[in-house]
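Here the structure is laid out as structure tokens; the discussion comes afterwards.
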2 protein chains.
Amino acid sequence: MQFQQLLYFVAVAETRHFTHAAERVHVSQPSLSQQIRALETELGAELFSRARGNIGLTEAGEALLPLARRILADADTARQEVQELAQLRRGRVRLGATPSLCTGLLPEVLRVFHDRHPGIRLLIEEGGSHDLVRQLARGALDLALIVLPLPPGSPALTTVELLQEDLVVVSAASGKPPRRPARIADLRDQPLVMFRHGYDLRELTVAACRAAGFEPGFTVEGGEMDAVLGFVRAGLGVAVVPSMVAGRAGPGFRVTPLADPGLRRTIALAHRSDVAPPRAARELQRVLLDSRE
Amino acid sequence: MQFQQLLYFVAVAETRHFTHAAERVHVSQPSLSQQIRALETELGAELFSRARGNIGLTEAGEALLPLARRILADADTARQEVQELAQLRRGRVRLGATPSLCTGLLPEVLRVFHDRHPGIRLLIEEGGSHDLVRQLARGALDLALIVLPLPPGSPALTTVELLQEDLVVVSAASGKPPRRPARIADLRDQPLVMFRHGYDLRELTVAACRAAGFEPGFTVEGGEMDAVLGFVRAGLGVAVVPSMVAGRAGPGFRVTPLADPGLRRTIALAHRSDVAPPRAARELQRVLLDSRE
DNA sequence: TGATCTCCATAGTCAAAGCCTATGGTGCGC
DNA sequence: GCGCACCATAGGCTTTGACTATGGAGATCA
């Protein structure tokens with residue numbers, strides 16, 4: 001059984017005429033006759049009663065017709081569905097990102113992408129780089145925005161550096177102004193508001209303090225970016241955050257840059273090396289990279 | 001798009017392994033790879049993410065999979081339906097017969113046929129030969145039991161003589177016994193009970209009377225076979241019926257054969273010449289012809 | 001680190017399938 | 001009765017799909 005045989009069969013059933021049916025499906029009449037005959041032979045039953053000037057369906061033909069129509073319709077649907085996915089009219093991208101990027105970089109980029117491809121659903125997974133890398137490897141994400149360098153033992157990922165973020169110190173506007181520019185060592189005697197485990201910022205800040213020779217003390221820890229900023233504004237302590245986040249934090253904050261060499265982190269776009277990302281993900285990747293300019 | 005491509009696709013989707021899938025569908029692995037690739041090219045999208053040791057469906061593949069399964073299932077259903085029709089496990093026969101045959105010959109023959117092919121529906125159309133011939137030509141009947149000769153102007157039908165019926169005179173057992181054997185001429189002065197228009201017996205009896213030189217008179221006319229016999233038993237008149245019908249008419253009747261040459265009619269099985277009857281009809285035809293022995 | 005193994009892709013060959021044109025054969029109508 | 005309409009058949013050609021053999025890349029283990 002072949003799709004074109006079913007197509008020819010339906011054409012004959014509807015025109016009740018071999019020659020006309022052949023024209024409709026754009027083959028010669030003998031080709032059509034031959035295929036109908038092949039289908040009949042395979043199925044083991046005549047499908048048409050071939051009377052002069054009166055082609056009619058046999059009972060077997062009547063039984064086959066609705067199924068043939070449905071099969072052909074399903075095949076059309078399949079073609080269309082897949083093409084819509086390929087043409088970015090439908091689909092999804094599963095993007096992982098660190099929490100700070102979700103509030104900083106992503107909103108604008110995703111708006112641009114969504115305007116361009118309104119049919120693509122965007123599924124955002126917020127998490128630390130470590131988790132995101134695991135999910136990439138498992139195939140649960142198409143792309144992820146992670147902090148370089150990759151954690152040791154990472155699977156084969158391809159990364160493209162996207163941007164470098166400077167980290168700054170935020171404190172309550174109402175409190176005593178810190179030295180400007182700040183130094184890491186200044187944090188030794190400062191109460192710190194710290195993110196929950198999983199934030200790359202936590203590991204990075206703690207590592208920097210230890211490199212400067214002290215263990216940082218936290219007044220509050222846990223909570224997401226918004227909560228941390230709220231605690232800082234309330235005067236519970238200072239925090240180290242990306243400058244992009246601090247810049248949009250609103251009033252009530254004092255933002256203090258760090259003296260050279262400061263703290264920076266490199267944000268990269270990562271995907272599995274062994275599999276090309278889906279079409280929609282490649283498109284989002286392009287938009288992300290373009291957004292740097 | 002081809003059925004085998006969908007079959008291979010489903011096999012790979014389910015095994016997540018090209019080599020195993022190839023074994024399952026009994027082709028070599030390169031053939032399967034090639035067909036999958038052809039399908040992907042035609043649809044314009046990759047269907048699988050081919051990572052070492054971890055074959056997975058892409059979004060396009062996910063979209064295609066349920067449709068592919070349904071198409072393959074429909075194709076199987078189609079094959080099975082048609083084969084069941086061909087193997088006489090299902091189906092129908094549309095049989096036309098004259099009313100007298102419906103009560104005489106058919107019940108036993110149809111019982112035999114039904115015992116042999118319980119899945120075949122039997123649709124009986126009762127009518128005069130003229131009507132039956134028209135319905136055969138229109139394709140509304142597969143087979144018909146008609147009275148020979150065919151009406152003038154009949155379309156091309158193939159007929160096989162089935163049996164010859166002797167006609168006899170039936171009268172009420174309570175009445176005056178007629179001459180035995182009877183002659184057509186005896187009917188001149190007899191009140192006749194006559195069938196409705198459309199019965200071949202009516203045309204045949206009237207024609208015989210006219211050939212004998214008189215116009216028959218009817219006390220009652222119209223009604224089916226059972227009604228006519230009822231009228232006869234009630235003493236309203238005599239009737240000319242097939243001997244087979246008279247024999248099973250029950251008590252209350254006197255059956256009188258006609259003197260030579262008598263009246264006979266030839267019952268034949270007819271179908272269109274231009275189209276072979278469907279399988280189930282041919283089978284019923286065989287059973288009918290066998291029933292003569 | 002390198003030899004081996006697994007597994008999918010590629011190359012080349014061959015038989016079969018499908019389409020074409022030309023032609024045959026059979027009812028139907030003028 | 002001759003042509004006409006229409007489906008079937010025949011023969012040739014191109015394409016396709018299957019096979020075997022081989023390549024190449026990642027995983028595995030000594």
- Among A:Asp131, B:Asp226, what's the order by accessible area (1.4 angstrom probe), most exposed first? B:Asp226, A:Asp131
- Message: If a paramagnetic tag sat 7 Å from the Cα of A:Thr219 along the Cα-Cβ line, which residues of the range A:190-206 would have the backbone N under 12 Å from that point?
- Response: A:190-194
- So for the range A:94-266: antiparallel DSSP bridges make up what percent, rounded to the nearest 5? 50
- Acute angle (nearest 10 degrees) that the helix A:129-138 long axis makes with the longest principal axis of chain A, alpha-carbon atoms: 20
- Item | C-alpha long axis of helix A:29-43 to longest principal axis of chain A, angle in ° | 80
- Peptide B:270-283 - average C-beta neighbours from other chains (10 Å radius): 3
- Message: Checking a compactness column here: for the range B:94-266, what do you get for Rg(Cα) / (2.2 N^0.38 Å), N being the number of residues?
- Response: 1.08
- Using Cα atoms only, what is the angle between the long axis of helix A:106-116 and the major principal axis of chain A, expressed in degrees (0 to 90) to the nearest 10? 20
- Message: Order A:206-213, A:44-51 from most to least packed using the mean count of other Cβ atoms within 10 Å.
- Response: A:44-51, A:206-213
- Send over the Kirkwood Rh of chain A, from the inverse of the averaged 1/r over different Cα pairs, rounded to one decimal Å. 23.8
- Compute the label zone of A:Arg210 within the range A:251-280: residues whose backbone N is under 20 Å from the point 7 Å along Cα-to-Cβ. A:262-266
- Query: B:Glu125's amide H: which non-local residues (gap 5+, or another chain) put their own amide H closer than 5 Å, with H modeled 1.01 Å from N in plane and none for Pro or chain starts?
  - Reply: B:Leu95, B:Gly96, B:Ala97
- Message: Taking the solvent-accessible surface of protein heavy atoms with a 1.4 Å probe, what is the per residue accessible area of the protein assembly as shown in Å²?
- Response: 47
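Evaluate E = 1/(1 + (r/R0)^6) for A:Lys176 and A:Arg116, where r is the Cβ-Cβ distance and R0 equals 56 Å; express this FRET efficiency to the nearest 0.05.
Values: r = 48 Å, r/R0 = 0.85.
About 0.70, to the nearest 0.05.
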- Query: log₁₀ I(q)/I(0) of the range B:31-185 at q = 0.16, 0.17 Å⁻¹, via Debye over equal Cα point scatterers, no solvent, to two decimals?
  - Reply: -1.01, -1.08
- Query: Of A:Thr77, B:Thr58, which has the most accessible area with a 1.4 Å probe, and how do the rest follow in descending order?
  - Reply: A:Thr77, B:Thr58
- Dipole magnitude of chain A about its Cα centre, charges +1 at Lys/Arg Cβ and -1 at Asp/Glu Cβ only, in debye to the nearest 20? 540
- Query: Of the accessible area of the range A:94-266, with the probe set at 1.4 angstrom, what percent is carbon plus sulfur?
  - Reply: 53
- Message: For a quick check: with amide H placed at 1.01 Å from N, whose amide H comes under 5 Å from A:Thr58's, ignoring anything fewer than 5 positions away on the same chain?
- Response: A:Phe48, A:Ser49
- Item | Antiparallel content of DSSP bridges confined to the protein assembly as shown, in %, to 5 | 65
- If the label point is 7 Å along Cα→Cβ of A:Arg52, which residues in the range A:5-28 have backbone nitrogen under 18 Å from it? A:17-19
- Item | Descending principal axes extents, the range B:3-86, alpha-carbon based, whole Å | 48, 25, 20
- Note on the structure: For the range B:85-92, in residue order, the Karplus 3J(HN,Hα) values (coefficients 6.51, -1.76, 1.60; θ = phi - 60°; whole Hz; Gly and Pro = x) are 5, 5, 8, 6, 8, 9, x, 7
- Would you mind listing the distances between the B:Pro261 label point and the same position in each other copy? Use 7 Å along Cα-to-C-beta, nm, one decimal, shortest first. 12.8
- B:Leu162 long-range amide H proximity, modeled H, under 5 Å: B:Ile267, B:Ala268, B:Leu269
- Query: Translational D (Stokes-Einstein, µm²/s) of the range A:192-293 at 20 °C and 1.002 mPa s when Rh comes from the Kirkwood sum over C-alpha pairs?
  - Reply: 134
- Task: Let me know the charge dipole size of the protein assembly as shown about its Cα centre in debye, to the nearest 20, where only the beta-carbon of Lys, Arg (+1) and Asp, Glu (-1) is charged.
- Result: 280
- Query: Taking every pair of alpha-carbon atoms in the range B:127-224, what share in percent sits in each 5 Å bin, from 0 to the bin with the longest distance?
  - Reply: 2, 10, 19, 20, 17, 13, 9, 6, 3, 1
- Query: In the range B:1-16, which residues become less accessible by 50 Å² or more once every protein chain is in place, relative to the chain on its own, using a 1.4 Å probe?
  - Reply: B:Met1, B:Phe3
- Within chain B, what percent of beta bridges assigned by DSSP are antiparallel, to the nearest 5? 65
- So what does B:Phe218 come to for accessible area, using a 1.4 Å probe and Å² rounded to 10? 70
- Sorted from shortest, what are the nm distances separating the label point of B:Gln2 from equivalent points in the other copies, each placed 7 Å from Cα along Cα to C-beta? 0.8
- Please state the Cα pair-distance histogram of the protein assembly as shown with 10 angstrom bins from zero: what percent is in each bin? 3, 13, 14, 12, 10, 9, 8, 7, 7, 6, 5, 4, 2, 1, 0
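Could you look at the range A:3-86 and say what percent of its accessible area is carbon and sulfur, using a 1.4 Å probe and all protein chains?
Carbon and sulfur together cover 48 percent of it.
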- Item | Span from the the range B:67-95 Cα centroid across to the the range A:68-82 one, whole angstrom | 20
- Take every residue in peptide A:91-99, count the Cβ atoms of other chains within 10 Å of its Cβ, and give the average of those counts. 1
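The values are calculated or read from the model by the stated rules, or taken from the named source; none is laboratory data. For clarity, every value in this text was computed on a predicted model and none was experimentally measured. All Cβ positions, glycine included, derive from the backbone under ideal geometry; neighbour counts span all protein chains shown. Calculation scope for accessible area: heavy atoms of the full protein, side chains included, ligands and nucleic acids excluded. Shrake-Rupley method; radii C 1.70, N 1.55, O 1.52, S 1.80 Å.
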